[in-house]
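The values are calculated or read from the model by the stated rules, or taken from the named source; none is laboratory data. Everything quoted here is computed from the prediction, not taken from an experiment. In this analysis, Cβ positions are derived from the backbone assuming ideal geometry, glycine residues included, and neighbour counts consider all displayed protein chains. Side chains are part of the model used for accessible areas, which takes the heavy atoms of the whole protein and leaves out ligands, DNA and RNA. Shrake-Rupley method; radii C 1.70, N 1.55, O 1.52, S 1.80 Å.
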Amino acid sequence: MGRLFGTDGVRGVANADLTAEMALGLSVAAAHVLAEAGTFEGHRPRAVVGRDPRASGEFLEAAVVAGLASAGVDVLRVGVLPTPAVAYLTGELGADLGVMLSASHNAMPDNGIKFFARGGHKLADELEDRIESVYEEHRTGAPWDRPTGSGVGRVRDYEEGSDRYVAHLLGVLPHRLDGLKVVLDEAHGAAARVSPEAFQRAGAEVVTIGAEPDGLNINDGCGSTHLDKIKAAVVEHGADLGIAHDGDADRCLAVDHTGAEVDGDQILAVLALAMRERSVLRSDTVVATVMSNLGFKLAMEREGIRLVQTAVGDRYVLEEMKEHGFALGGEQSGHVIILDHATTGDGTLTGLLLAARVAQSGRTLADLAGVMKRLPQVLINVPDVDRTRVGTSAELSAAVSDAERELGETGRVLLRPSGTEPLVRVMVEAADIEQARSVAGRLADAVKSALG
């Protein structure tokens with residue numbers, strides 16, 4: 001069996017790849033593994049379980065709750081809430097683990113299971129591997145001690161979860177949003193209720209789109225992966241800015257008053273300067289991945305803010321932040337982590353803080369985001385090549401060196417082998433889009449020649 005856990009939990013087509021039996025079995029295994037790891041500290045364990053509004057989340061939630069309760073875990077069922085809300089409540093309520101059912105920005109037929117450890121933190125790789133191992137042991141018939149009588153877990157709905165999460169968000173906000181008009185695109189997802197409520201209670205005039213989930217329309221032509229609707233809505237309503245979430249609301253992209261996109265790099269730049277001004281940007285450092293636009297790096301250098309870059313994936317950003325105590329990090333895709341107030345990317349929190357900066361500064365988002373200039377970025381996937389030789393091919397190394405000399409300090413080259421497919425991703429940034437395309441095309445040819 002291949003590894004079930006990917007970079008963000010277990011995902012697949014619901015009821016085909018990700019079945020009720022698998023959800024139940026993984027939940028039992030997670031309860032056993034976390035107990036062995038000492039997470040439960042000698043008391044009856046408790047779990048927080050939430051989901052996004054996908055139709056399949058209903059039966060998968062039932063399976064997860066059944067698995068946990070059968071393993072002796074008490075369950076607080078919080079219903080439809082964003083991933084960061086489930087992580088927050090896991091920590092705030094002193095629960096021993098959290099479970100979120102969502103496939104984030106994926107299309108509706110997919111779903112996923114993500115586990116959080118005590119405190120609302122993502123599981124380390126070794127714990128995920130152990131959960132998989134125990135799951136496979138149980139699946140192939142290994143017996144386990146099943147509690148009976150009063151030993152089985154109890155299940156109750158925790159309806160206060162939404163209010164508690166919104167109160168947390170408002171308590172973090174450094175400035176009210178009075179006078180701002182904000183368009184929110186909720187992707188018909190998990191934040192459809194809590195995000196508008198938080199913005200309204202913070203003082204903003206709110207226009208919502210994509211806020212009528214029916215279980216089938218999540219991410220369907222809306223949200224952070226489809227910005228055309230929110231761009232049009234911001235201009236139509238004369239709004240100050242727009243905020244777009246994905247299905248589980250752990251990411252945030254923005255739109256300024258002209259309808260122009262403000263991506264994750266620009267959001268990080270705006271928040272970094274705001275946090276430094278408030279003396280909460282520890283070590284004057286921000287963490288981002290190697291895929292961040294070169295314009296972001298140049299802007300941070302110009303502003304005297306140190307940039308630490310990691311491998312692609314918000315989990316690597318988070319690991320770097322936790323290891324060194326940094327306060328701000330994220331990805332171009334809109335996963336932004338404010339570690340003092342969240343253990344994972346939180347799209348609603350990010351949007352609130354971005355809007356608060358607009359309100360506090362009296363400047364437009366377009367002006368604030370202008371602190372960095374995005375350099376044109378060209379990405380080409382080169383299939384059917386030996387990705388394992390990217391770092392050892394002398395021919396390819398020479399081609400990269402030639403490209404870097406041509407680009408100089410105004411551009412860069414990045415070759416990324418896929419983790420799962422026989423392809424290499426060629427990314428080139430340059431001050432001129434035609435130069436970026438030309439260099440990327442030549443490098444793609446070099447990859448085919450050297451690794452094909």
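Out of all the residues in segment 393-410, is one or more closer than 30 Å to V262 by Cα, among the small types (G, A, S) and in contact with a strand residue (DSSP E or B) (Cβ under 9 Å, 6 or more places away or on another chain)? Checked segment 393-410: at least one residue is closer than 30 Å to V262 by Cα, among the small types (G, A, S) and in contact with a strand residue (DSSP E or B) (Cβ under 9 Å, 6 or more places away or on another chain).
If you go through segment 6-21 and keep only what is in contact with a strand residue (DSSP E or B) (Cβ under 9 Å, 6 or more places away or on another chain) and either surrounded by 19 or more Cβ atoms within 10 Å (Cβ to Cβ) or more than 19 Å from S56 (Cβ to Cβ) (or both), you end up with D8, G9, V10, R11, G12, A14, L18.
Please go through segment 234-251 and give me each residue that is open to solvent by 10 Å² or more (accessible area, probe 1.4 Å) and of a type outside the set (D, E), ordered by number. Break it down into steps so the answer makes sense when it comes.
Of segment 234-251, the ones open to solvent by 10 Å² or more (accessible area, probe 1.4 Å) are 235-238, 240, 251.
Hits for segment 234-251 are V235, H237, G238, R251.
For segment 66-85, the criterion of being open to solvent by less than 50 Å² (accessible area, probe 1.4 Å), over 24 Å from Y316 (Cα atoms) and in contact with a Pro (Cβ under 6 Å, 6 or more places away or on another chain) is satisfied by at least one residue. Mind listing whichever residues of segment 90-124 are among the charged types (D, E, K, R) and outside any strand (DSSP E or B)? E92, D96, R118 - these are the residues of segment 90-124 that are among the charged types (D, E, K, R) and outside any strand (DSSP E or B). Looking at this structure, is A288 surrounded by 16 or more Cβ atoms within 10 Å (Cβ to Cβ) and assigned to a helix (DSSP H, G or I)? Considered against the rule, which asks whether it is surrounded by 16 or more Cβ atoms within 10 Å (Cβ to Cβ) and assigned to a helix (DSSP H, G or I), A288 comes out as no.
The combined condition, being outside any loop (DSSP other than H, G, I, E, B), farther than 30 Å from E236 by Cα and either modelled with pLDDT under 95 or open to solvent by 10 Å² or more (accessible area, probe 1.4 Å) (or both), is fulfilled by L127.
Only one of the numbered conditions (1) assigned to a strand (DSSP E or B); (2) open to solvent by 50 Å² or more (accessible area, probe 1.4 Å) is not met by S397, and that is (1). The residues of segment 153-173 that are of a type in the set (K, R) and under 17 Å from P82 (Cα atoms) amount to a single one, R164.
Among strands (runs of 3 or more DSSP E) lying entirely in segment 159-245, which contain 2 or more residues that are β-branched (V, I, T) and more than 16 Å from S102 (Cβ to Cβ)?
181-185, 205-209
Each row is one residue, and each column tells you yes or no for (1) under 25 Å from R251 (Cα atoms); (2) more than 20 Å from the chain's Cα centre (by Cα); (3) in contact (Cβ under 8 Å) with a residue 12 or more places away in the chain.
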position: L97; (1), (2), (3): yes, no, yes
position: S102; (1), (2), (3): yes, no, yes
position: H105; (1), (2), (3): yes, no, yes
position: M108; (1), (2), (3): yes, no, yes
position: Y135; (1), (2), (3): no, yes, yes
position: G149; (1), (2), (3): no, yes, no
position: V155; (1), (2), (3): no, yes, yes
position: Y158; (1), (2), (3): yes, yes, yes
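Just so you know, in segment 306-332 the residues that are in a loop (DSSP other than H, G, I, E, B) and open to solvent by 40 Å² or more (accessible area, probe 1.4 Å) include one that is nearest to E277 (Cα to Cα), and it is Q332. Could you tell me whether M108 is out of contact with any Pro (no Cβ under 8 Å at 6 or more places or on another chain), open to solvent by 40 Å² or more (accessible area, probe 1.4 Å) and closer than 22 Å to S224 by Cβ? When the stated conditions are applied, M108 passes them. Residues of segment 340-366 that are part of a loop (DSSP other than H, G, I, E, B) and either in contact (Cβ under 8 Å) with a residue 40 or more places away in the chain or open to solvent by less than 40 Å² (accessible area, probe 1.4 Å) (or both): D340, H341, A342, T343, T344, G345, D346, T364.
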